[in-house]
Amino acid sequence: MFAALYSVTAPVETLVRVAQSFSPRVEVSGRLVMCDLHGVERLFGGPHDVADHMRRALVDAGAVRLALAPTHTAASLLALGRPGVTVAATPTEARVALEPVPVATLAAWESGGYEAPATTPAGDVPSGWRHPRDTHQGPLTRRHMRGRVQTGTGSRRAIDAARQDAQRALDVLRRWGIRTLAQLAALAADELAARLGTLGPRWQHAARGDDLAPLVPLVDDEPFDASLELEWPVEGLEPLSFVLGRVLEPLAERLERADRGAAVLTTELHLTTRDLHTRTLQLPAPMRDAKTLRTLILLDLESHPPAAAIDRVVVRVEPTPGRIVQWSLIERAQPSPEQVSTLLARLGALMGESHVGSPALVDSWRPGAFAMRAFSAGHEHVQHDEVPPSEGASTPCSVAFRRFRLPVPARVTVKDGRPVRLMPDRRGISGGEILTSAGPWRTSGHWWDQPAGESPAAASRQAAWDRDEWDVLLADGVACRVFLERDVGQWFVEGTFD
């Protein structure tokens with residue numbers, strides 16, 4: 001559910017303040033204020049109850065139009081085209097409420113609500129409709145002329161051209177006898193696009209109440225940064241930790257007051273050599289705990305220390321909305337992102353950043369090939385198409401293959417081209433007579449990348465491979481996979497099957 005507030009007389013700041021008291025997701029487009037009300041029914045009740053609370057909050061703002069609808073486009077058009085309070089709780093109610101709205105409302109919707117056609121005849125262009133840059137009423141739209149021109153970046157010529165396009169489209173629709181949004185929504189989309197261009201289908205989708213773009217919430221312009229000038233330069237991480245504590249604690253308090261978390265953390269160290277040592281951390285989840293942020297910065301600087309003493313410290317934060325976590329009572333609790341990030345930072349400082357993360361498969365036929373990616377504590381749910389087994393059919397079972405990180409050398413007796421006996425060179429791994437064998441499966445690759453003059457054995461130890469694989473069943477019931485490195489004639493045990 002979305003709400004739209006519009007007023008010609010009330011300050012936009014008042015409408016924004018009221019909207020933010022109901023939802024943190026608020027978008028401002030000229031004199032039109034929209035907010036996302038998903039979830040507020042737990043506090044205020046149904047759509048009609050929410051509308052009643054918002055109407056009482058707007059009593060001191062004067063004549064304000066209020067509309068609630070399932071989409072923010074429908075709510076905006078209803079607020080511009082219908083006076084008072086309008087509540088359309090379902091998509092069907094929204095379509096019915098939009099049918100009698102004048103089609104000229106779309107022009108005001110494009111301009112962010114300036115000079116809305118409330119008292120003009122149905123379908124006519126408002127006589128006093130002017131561009132917001134001509135009227136200078138209130139703040140300019142943040143997303144002016146939706147989908148066409150961005151305020152502050154488009155030239156005046158482009159803005160005037162967009163205005164003329166809207167005026168020309170309204171003139172065409174008036175000659176066709178189109179007066180309401182219902183009549184516009186009933187037109188053929190292809191013929192409308194052929195006559196009005198891209199503006200026609202966009203207006204038609206808006207007339208049906210469809211959202212053309214997601215709601216773009218306001219972002220605080222207040223920069224989240226802090227700095228500290230040092231009387232004496234510091235060297236080493238231990239004295240720097242105290243300096244970072246003094247810088248991060250007030251910054252964390254500001255983030256908490258604004259209900260924000262740090263998504264990107266940038267540390268700038270001004271050195272005595274007049275050089276600038278900058279480090280940037282991409283955090284996996286929004287954080288605002290000062291101790292955790294300090295630990296992450298120190299662990300990163302431990303791997304990338306500055307080259308000289310430090311005389312000024314600057315910390316900048318790119319904020320993001322705060323994280324809301326609701327654990328389930330029937331699932332195992334996961335570690336907090338702060339704990340996971342600190343652990344990964346410690347492991348990265350100890351082992352190297354390229355050796356820490358989660359293994360991921362790569363697009364290669366090389367056996368055991370994988371790559372390291374950033375670790376995430378979240379669970380990825382993969383849906384599989386499951387076909388219920390028919391009556392009398394057995395449920396398929398899965399087989400797990402446990403691969404040794406380093407293949408185990410082995411001695412294999414071959415008879416008539418097939419392995420008949422396995423003797424691994426490591427204790428704890430089964431061996432003996434081979435009852436059944438399947439293979440060989442010959443694979444090879446990257447031999448074309450072998451440098452000129454290098455022996456095949458050296459290439460096989462790097463990227464190229466040439467091997468014959470066998471799946472064998474031993475006399476003690478253990479199934480394993482063995483392979484022969486053809487270039488050196490050596491057998492290995494790659495892993496066992498469960």
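Restricting attention to helices (runs of 4 or more DSSP H) lying wholly within the range 158-275, give those where 2 or more residues are free of Cβ contacts under 8 Å to residues at least 40 places away in the same chain. Full working, then the answer.
Working: elements: 181-185, 189-196, 199-207, 237-257.
Per the criteria, 189-196, 199-207, 237-257.
Out of 299, 248, 228, report the one residue that is at pLDDT below 90 and either within 27 Å of the chain's Cα centre (by Cα) or more than 23 Å from residue 349 (Cβ to Cβ) (or both).
After ruling out the rest, the residue left standing is 299.
Is it the case that some residue within the range 387-410 is among the polar types (S, T, N, Q), at pLDDT below 85, exposed (fewer than 10 other Cβ atoms within 10 Å of the Cβ) and within 30 Å of residue 295 (Cβ to Cβ)?
First pass over the range 387-410, keeping only residues among the polar types (S, T, N, Q): 390, 394-395, 398.
Cutting the leftovers down to at pLDDT below 85 gives us 390, 394-395, 398.
In the following step, the residues that additionally are exposed (fewer than 10 other Cβ atoms within 10 Å of the Cβ) were identified as 390, 394-395, 398.
Then drop every residue that is not within 30 Å of residue 295 (Cβ to Cβ), which leaves none.
No, that holds for no residue.
Scanning the range 1-24 for residues that are among the small types (Gly, Ala, Ser) and assigned to a loop (DSSP other than H, G, I, E, B), which turns out farthest from residue 63 (Cα to Cα)? Write out each step before concluding.
Of the range 1-24, the ones among the small types (Gly, Ala, Ser) are 3-4, 7, 10, 19, 21, 23.
Retained after the next criterion (residues that are assigned to a loop (DSSP other than H, G, I, E, B)): 7, 10, 21, 23.
Details: 7: 6, 10: 7, 21: 19, 23: 22 Å.
Taking the candidates together, the pick is 23.
For the range 25-35: of the residues being touching a strand residue (DSSP E or B) at 6+ places or on another chain (Cβ under 7 Å) and over 17 Å from residue 259 (Cα atoms), which is surrounded by the fewest Cβ atoms within 10 Å (Cβ to Cβ)? Spell out the reasoning first.
Filtering the range 25-35 down to residues touching a strand residue (DSSP E or B) at 6+ places or on another chain (Cβ under 7 Å) leaves 25-27, 31-35.
With the extra rule that they be over 17 Å from residue 259 (Cα atoms), the set shrinks to 27, 31-35.
Working: 27: 22, 31: 27, 32: 27, 33: 29, 34: 27, 35: 29.
Out of the qualifying residues, it is 27.
Only one residue in 2, 22, 44 is buried (at least 23 other Cβ atoms within 10 Å of the Cβ) and aromatic (Phe, Trp, Tyr), so which one is that? Before you say what the answer is, go through the steps one by one.
On the way: 22 fails: buried (at least 23 other Cβ atoms within 10 Å of the Cβ); 44 fails: buried (at least 23 other Cβ atoms within 10 Å of the Cβ).
One residue alone meets the criteria, 2.
For residues that are among the acidic types (Asp, Glu) and closer than 23 Å to residue 285 by Cα, scanning just the range 229-274, find the one that is surrounded by the most Cβ atoms within 10 Å (Cβ to Cβ). Working first, answer last.
Step one: of the range 229-274, the residues among the acidic types (Asp, Glu) are 229, 231, 235, 238, 249, 253, 256, 259, 268.
This time we only want the ones that are closer than 23 Å to residue 285 by Cα, so: 249, 253, 256, 259, 268.
Numbers: 249: 14, 253: 12, 256: 14, 259: 13, 268: 16.
That would be 268.
Going by the conditions given, is residue 67 in a loop (DSSP other than H, G, I, E, B), touching a residue at least 40 places away in the same chain (Cβ under 8 Å) and within 21 Å of residue 111 (Cβ to Cβ)? It would help to see each step written out before you state the result.
Numbers: in a loop (DSSP other than H, G, I, E, B): no; touching a residue at least 40 places away in the same chain (Cβ under 8 Å): yes; within 21 Å of residue 111 (Cβ to Cβ): yes.
Against the criterion (in a loop (DSSP other than H, G, I, E, B), touching a residue at least 40 places away in the same chain (Cβ under 8 Å) and within 21 Å of residue 111 (Cβ to Cβ)), residue 67 does not qualify.
With (1) touching a helix residue (DSSP H, G or I) at 6+ places or on another chain (Cβ under 9 Å); (2) closer than 19 Å to residue 315 by Cβ as the list, and residue 239 as the residue in question, which single condition is left unmet?
All conditions are met except number (1).
Within the set of pairs 6+ apart or on separate chains, which have a first residue in the range 423-438 that is at pLDDT 85 or above, a second that is among the acidic types (Asp, Glu), and C-beta atoms under 8 Å apart?
Between residues of the range 423-438 that are at pLDDT 85 or above and residues that are among the acidic types (Asp, Glu), the close pairs are 432/476; 437/471; 438/471.
Within the range 83-98, can one find any residue that is part of a loop (DSSP other than H, G, I, E, B), modelled with pLDDT under 80 and more than 22 Å from residue 12 (Cα to Cα)?
Within the range 83-98, none of the residues are part of a loop (DSSP other than H, G, I, E, B), modelled with pLDDT under 80 and more than 22 Å from residue 12 (Cα to Cα).
The values are calculated or read from the model by the stated rules, or taken from the named source; none is laboratory data. Source: prediction; values computed, not measured. Positions of Cβ are backbone-derived with ideal geometry, glycine not excepted, and every protein chain shown enters the neighbour counts.
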